[in-house]
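Heads up: the structure comes next, in structure tokens.
The values are calculated or read from the model by the stated rules, or taken from the named source; none is laboratory data. Fair warning: this is a prediction, and the values are worked out from it, not measured in the lab. Every residue, glycine among them, receives a Cβ derived from its backbone with ideal geometry; neighbour counts consider all protein chains shown. Note: areas computed on protein heavy atoms with side chains; ligands, DNA, RNA excluded. Shrake-Rupley method; radii C 1.70, N 1.55, O 1.52, S 1.80 Å.
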Amino acid sequence: MAQDKVFSEKKELIEPFTFNEQVVRVFDDMICRSVPLYRENIRRQAQLAARFYKAGTVVYDLGCSNGNTGLNICHEMDQAPFSMVGVDNSAPMLGAYRQRLEGHFRAKDVTLILDDVRSVPLENASVVIVNLTLQFLPREDRKELVRKIYEALQPGGIFLLTEKIIHEEPLLDGLQQEFYYRFKKENGYSQLEISQKREALENVLIPDTLDEHFERLRSCGFKKMDVWMKWFNFASLICLKENGP
Ligand code: GEK
């Protein structure tokens, strides 16, 4: 995978960040160097997906990108019959995912949909994964998607949500940011790359606090929830749809 140099040269004009061809070419390098514990996170989510999947239902991977999480799920499901739908609104991302599925032993079990996650109907799900994607929706649209996920889930099903977060307490928020930039620097990003990417993501990636997430999830019906992994300004949640009334 090519090295991410998208923001390494000084840009006169910083355009809002998009998942275009240039980003897709370096996506794995970019995400591994920008999201702490990314590999661990998708591996455990794939294991959780396999643990909660019910035969005859669907796994939804919303904002599936080039298939890192989806291919981990295929691996974890081994030979068991299953069905997965991946949705992403970036054509180059889905193109990369399609290429990786060519000749894959699970290709026939994976359906890829090029669309906005807000427009795709969801049904008969035992697992829904939204890994680092809710944060890209306008704030006012997030609740409707979470409600749609809750309604699509079978009792006993899970919603796995991972997001970049902010902290309502300014000192703790500052600490989270400080350690996040330290992480990026340790991974070889220059000050220029860090600040240009931050500017490109402004108004594109809009993080919520953990409390805002919990409040939204509760208001959509989820009662049993946990943060199963957290690293400063990143949090991974598991939300269980209860069995019965
Ligand atoms: C992974 N989950 O590797 N509708 C559909 N897709 C969208 C939308 C939308 N409204 N908004 C953004 N995307 C992946 C990583 S990346 C996270 C997810 C990141 C898509 C976008 O095209 C991109 O592929 C993905 O969400 C976000 O497990 O790079 O920070």
Of (1) away from the ligand (no atom under 14 Å from the Cβ); (2) outside any strand (DSSP E or B), Gly156 satisfies every one except (2)
Helices (runs of 4 or more DSSP H) completely within the range 164-245 that count 1 or more residues being over 20 Å from Cys32 (Cα atoms) and without any contact (Cβ under 8 Å) to a residue 24 or more places away in the chain: 170-186, 210-219
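Take Met93 and tell me if it is within 16 Å of Gly63 (Cα to Cα), open to solvent by less than 20 Å² (accessible area, probe 1.4 Å) and without any contact (Cβ under 8 Å) to a residue 40 or more places away in the chain. I'd like the intermediate steps shown before the answer.
On the way: within 16 Å of Gly63 (Cα to Cα): yes; open to solvent by less than 20 Å² (accessible area, probe 1.4 Å): yes; without any contact (Cβ under 8 Å) to a residue 40 or more places away in the chain: no.
Taking the combined requirement at face value, the residue does not satisfy it.
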Determine the pairs where a residue that is small (Gly, Ala, Ser), located within the range 38-49, has a partner that is within 10 Å of the ligand (Cβ to nearest atom) and not in a helix (DSSP H, G or I) with Cβ atoms under 7 Å apart, the partner being 6 or more residues away or on another chain. Ala49/Ile129
Scanning the range 37-96 for residues that are near the ligand (Cβ under 9 Å from one of its atoms) and among the β-branched types (Val, Ile, Thr), which turns out nearest to Leu145 (Cα to Cα)? Val87
Do we have any residue at all in the range 6-21 that's open to solvent by less than 10 Å² (accessible area, probe 1.4 Å) and either within 12 Å of the ligand (Cβ to nearest atom) or modelled with pLDDT of 90 or more (or both)? no
For the range 157-172, indicate whether the set of residues that are under 28 Å from Val58 (Cβ atoms) and in contact with a Lys or Arg (Cβ under 6 Å, 6 or more places away or on another chain) is non-empty. yes
Selection within the range 58-81 - open to solvent by 10 Å² or more (accessible area, probe 1.4 Å) and either acidic (Asp, Glu) or more than 15 Å from the chain's Cα centre (by Cα) (or both): Val58, His75, Glu76, Met77, Asp78, Gln79, Ala80, Pro81
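Each row is one residue, and each column tells you yes or no for (1) open to solvent by 30 Å² or more (accessible area, probe 1.4 Å); (2) over 17 Å from the mean Cα position of the chain (by Cα).
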position	(1), (2)
Pro138	yes, no
Pro155	yes, yes
Phe159	no, no
Glu168	yes, yes
Tyr180	no, yes
Going through the range 126-136 one residue at a time, which ones are over 18 Å from Asp208 (Cβ atoms), within 14 Å of the ligand (Cβ to nearest atom) and surrounded by fewer than 24 Cβ atoms within 10 Å (Cβ to Cβ)? none
Condition (residue is open to solvent by less than 70 Å² (accessible area, probe 1.4 Å), at pLDDT 95 or above and either touching a strand residue (DSSP E or B) at 6+ places or on another chain (Cβ under 6 Å) or not in a helix (DSSP H, G or I) (or both)) applied to the range 29-38: is it met by at least one residue? yes
What's the number of the condition Leu217 fails, among (1) surrounded by fewer than 20 Cβ atoms within 10 Å (Cβ to Cβ); (2) closer than 26 Å to Asp88 by Cβ; (3) modelled with pLDDT of 95 or more? (1)
Return the pair list, or none, for Cβ contacts closer than 9 Å from residues in the range 107-122 that are within 20 Å of Gly56 (Cβ to Cβ) to residues that are polar (S, T, N, Q), at least 6 apart or on different chains. Asp109/Ser83; Val110/Ser83; Thr111/Ser83
Looking only at the range 96-107, and only at residues there that are open to solvent by 60 Å² or more (accessible area, probe 1.4 Å) and modelled with pLDDT of 95 or more, the one that is farthest from the chain's Cα centre (by Cα): Glu102
